[in-house]
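Undergrad: Quick one: this structure, given as structure tokens, is what I'll be asking you about.
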Amino acid sequence: MTVKTANALSEDENLKSRSRFLRGDIAADLADAVTGAVSTGSGKLLKFHGIYQQDDRDLRNERQQQKLEPLYSFLLRLRLPGGICTPEQWLALDDLARRYAYPSLRITTRQTFQYHGVYKRNLKALVAGLAQAGLDSIAACGDVNRNVVSHNNPCLSSLHAELHHWSRLLSEQFLPKTRAFQEIWLDEKPVADAQPEQEPLYGATYLPRKFKIGLALPPHNDIDVFAQDLGFIAIVKRGKIAGFNVSVGGGMGMTHSDVATYPRTADVIGFCRSDQVLTVAEQILSIQRDFGDRSNRKHARFKYTLDDRGTDWFLRELTSRLGFQLEPAQAFRFEHNGDPLGWVQGQQGLWHLTLGILSGRIKDTPETAWLVGLREIARIHQGDFRLTANQNLTVAGVSADNKPRIEALLAEHRIPLPDNWSGIRRHAISCVSLPTCGLAMAESERWLPDLLSLLEPVLQRNGLSEDAITLRVTGCPNGCGRPFLGEIGLVGKSLGRYNLYLGAGFAGERLNKLYRENLTEDEIVAVLTPLIEQYGKQRHKGEHFGDFLIRKKHVAAVTAGRDFHTGDNK
Ligand code: SRM
Ligand code: SF4
């Protein structure tokens, strides 16, 4: 156990504790019409309200030359546990996008929507509009529990509903109790100074860092449960969820050239019954609250608390807080990642259509009227919409009568069915990156279509068009597209250059490893081509690309986050 001695609290900790439960100067900064920005402190506190300040990076230099301030706008991320919304909510979301943001809805890798390009003057109206639709952005970002993700398989409707139920309960259980959100955005009467608020679970400084929870249903690992700080892996007996294996300490973020930071896959530590889920989650979160590093934000995630103190220490601490021991973990096996795209029929004869939406970007283009088409579908749809953690969208619960009407609307608006998509396209994720992300080092979402169009012919030449290969692209090593779980992972280093990681497990059970650094697009294709050719010729039946690369010793298997940077890569 290597526990660091207590260092001075980071500035963010002081900001949180001075913020009067997440109020700070936000209201005053919103009212300041002189600038499109907010102060640094408000920028940090706004995250807890689901909002990030950004600027259009495509226009940064030009505006600087014109001596204008950057074109500031805000990102708003919704809290949408399990990623479900109703058709009425869809219509409201679409309407608000056209009125107050870039006319686009962006499905994130955590099953929710983001608006980009919201000017400061429009933020309040947007939040109020969401509230009218029964939606909110509380705790979608910030040092709190984030949007809870949950397995999306519409065919297994009853199990899906059960998981969705837990995702909602977990999300609600860990909502901050402060009324700051309602005061600032919804004009609720301010809480009087004489009645100080309490955050019984979080305390005044909330968590040391973000905290993420996900629920998975083997054999599907569509939510990448091992990337979550806390995972619940459903164990089904006689058609019902009997309980969950508990996994802890997943996370993706790292910094190039800083080996003290690394991605980590979560460890499975035991089993709990369904009626113990909320207690187990609360005690695990409280351990991170009490022991997470509050001096260095690069070392503040739960994965580092666990690695520094050790699993034995953690289990002792958890048992003592719970007052009972977790049972031994039960057998399970993940076989898939990604989503079953296209139409499928599930329980009660209902149909479900999962649309492949590259990078989750829903906007009208000259080729496809995504926004208009989905708006028209929402007007006649009687089921719900389900967002996946792979940035796709399921139109779920379609009756046999309504199916032809929906198909006609898809055709009318040129919304493509993913039937002809290659295996790699079906399993491709990219983060947002440029032009909105302030941390981006290279393109990601805007580059993915080009990259796919270069890789697909290589795969086709080798008879691999249909084969599922997970491809994850991000514009920097923070890991928003979970790149270190891609059989092929590309992580931005600088404009036009990427590090190439290879060899992750297809079902998200093993990290990949750095294979080549600082590659251009041409170099990426040149490096991957012979590997793909060899895979086409020499793979075993059913062998996945990541496993093949390890068997052929192109890369070493990474079994623990701490080994991510160590040793030779073979
Ligand atoms: Fe992320 C920061 C986008 C999922 C790890 N992430 C950001 C910011 C807000 C940049 C910033 O801090 O200024 C990005 C906004 C870009 C933009 O313009 O939209 C951003 N993250 C996203 C989204 C939208 C990517 C996407 O393409 O879908 C995802 C929103 C999820 C959501 O709905 O809540 C998103 N981010 C993730 C994930 C994947 C996941 O959770 O399954 C990860 C890796 C898992 C993890 O947390 O370890 C992730 N984002 C980060 C990190 C690194 C955290 C770390 O531990 O080091 C940062 C940077 C930070 O927090 O300092 C970050
Ligand atoms: Fe931005 Fe990096 Fe996240 Fe991509 S991975 S959205 S570039 S922070």
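The values are calculated or read from the model by the stated rules, or taken from the named source; none is laboratory data. What you are looking at is a predicted structure, and each value in this text was computed from that prediction instead of being measured. Positions of Cβ are generated from backbone atoms using ideal geometry, with glycine treated the same way; all protein chains shown enter the neighbour counts.
Undergrad: Is it the case, given these coordinates, that residue 114 is surrounded by 18 or more Cβ atoms within 10 Å (Cβ to Cβ), not aromatic (Phe, Trp, Tyr) and not in a loop (DSSP other than H, G, I, E, B)? Give the steps one after another, and end with the answer.
TA: Details: surrounded by 18 or more Cβ atoms within 10 Å (Cβ to Cβ): yes; not aromatic (Phe, Trp, Tyr): yes; not in a loop (DSSP other than H, G, I, E, B): yes.
Considered against the rule, which asks whether it is surrounded by 18 or more Cβ atoms within 10 Å (Cβ to Cβ), not aromatic (Phe, Trp, Tyr) and not in a loop (DSSP other than H, G, I, E, B), residue 114 comes out as yes.
Undergrad: Residues that are among the β-branched types (Val, Ile, Thr) and within 16 Å of ligand 1 (Cβ to nearest atom), at least 1 per element: which strands (runs of 3 or more DSSP E) completely within the range 439-517 meet that?
TA: Numbers: elements: 471-474, 488-494, 497-502.
It comes to 471-474, 488-494.
Undergrad: So which residues in the range 97-111 are touching a His at 6+ places or on another chain (Cβ under 8 Å) and surrounded by 22 or more Cβ atoms within 10 Å (Cβ to Cβ)? Give the derivation first.
TA: Narrowing the range 97-111 to residues touching a His at 6+ places or on another chain (Cβ under 8 Å): 101-102, 104, 106.
Scanning the range 97-111 gives 101, 106.
Undergrad: Could you list all residues from the range 134-155 that are crowded, with 18+ Cβ neighbours inside 10 Å and over 19 Å from the mean Cα position of the chain (by Cα)? Before you say what the answer is, go through the steps one by one.
TA: Here is the first cut: in the range 134-155, the ones crowded, with 18+ Cβ neighbours inside 10 Å are 135-154.
Hit for the range 134-155 is 154, nothing else.
Undergrad: For the range 136-152, give me each residue that is out of contact with any helix residue (DSSP H, G or I) (no Cβ under 6 Å at 6 or more places or on another chain), more than 16 Å from ligand 2 (Cβ to nearest atom) and not in a strand (DSSP E or B).
TA: 137, 139, 143, 144, 152
Undergrad: Would you be able to say whether some residue in the range 39-48 is without any contact (Cβ under 8 Å) to a residue 24 or more places away in the chain, within 16 Å of ligand 2 (Cβ to nearest atom) and not assigned by TED's automatic domain parsing to the domain that holds residue 437? If you could, list the steps in order and put the result at the bottom.
TA: Restricting attention to the range 39-48, the residues satisfying the condition of being without any contact (Cβ under 8 Å) to a residue 24 or more places away in the chain are 39-40, 42-43.
Next, from what is left, pick out any that are within 16 Å of ligand 2 (Cβ to nearest atom): 43.
Restricting the remaining residues to those that are not assigned by TED's automatic domain parsing to the domain that holds residue 437 gives 43.
Scanning the range 39-48 turns up at least one residue that is without any contact (Cβ under 8 Å) to a residue 24 or more places away in the chain, within 16 Å of ligand 2 (Cβ to nearest atom) and not assigned by TED's automatic domain parsing to the domain that holds residue 437.
Undergrad: Can I ask one more? Is it true that residue 435 is crowded, with 22+ Cβ neighbours inside 10 Å, within 12 Å of ligand 1 (Cβ to nearest atom) and not aromatic (Phe, Trp, Tyr)? If you could, list the steps in order and put the result at the bottom.
TA: On the way: crowded, with 22+ Cβ neighbours inside 10 Å: no; within 12 Å of ligand 1 (Cβ to nearest atom): yes; not aromatic (Phe, Trp, Tyr): yes.
Taking the combined requirement at face value, the residue does not satisfy it.
Undergrad: Hey, any hits in the range 319-339 for a residue that's surrounded by fewer than 16 Cβ atoms within 10 Å (Cβ to Cβ) and of a type in the set (Asp, Glu)?
TA: So far as the range 319-339 goes, yes, one or more of its residues are surrounded by fewer than 16 Cβ atoms within 10 Å (Cβ to Cβ) and of a type in the set (Asp, Glu).
Undergrad: Residue 329 is checked against (1) part of a loop (DSSP other than H, G, I, E, B); (2) more than 22 Å from residue 390 (Cβ to Cβ); (3) at pLDDT below 95 and fails just one. What number does that condition carry?
TA: Answer for residue 329: the failing condition is (3).
Undergrad: When you go through 205, 261, 255 one by one, which is the residue that is in contact with a strand residue (DSSP E or B) (Cβ under 7 Å, 6 or more places away or on another chain) and touching a residue at least 12 places away in the same chain (Cβ under 8 Å)? Spell out the reasoning first.
TA: Working: 205 fails: in contact with a strand residue (DSSP E or B) (Cβ under 7 Å, 6 or more places away or on another chain); 255 fails: in contact with a strand residue (DSSP E or B) (Cβ under 7 Å, 6 or more places away or on another chain).
The unique qualifying residue is 261.
Undergrad: Enumerate the pairs (first residue in the range 440-451 and near ligand 2 (Cβ under 8 Å from one of its atoms); second residue anywhere and among the β-branched types (Val, Ile, Thr)) with beta-carbon separation below 6 Å, excluding pairs fewer than 6 apart on the same chain, so at least 6 apart or on different chains.
TA: Correct list of pairs: 444/473; 444/474.
Undergrad: For the range 391-426, how many residues are surrounded by fewer than 24 Cβ atoms within 10 Å (Cβ to Cβ) and either part of a loop (DSSP other than H, G, I, E, B) or within 16 Å of ligand 2 (Cβ to nearest atom) (or both)?
TA: Qualifying residue count, the range 391-426: 11.
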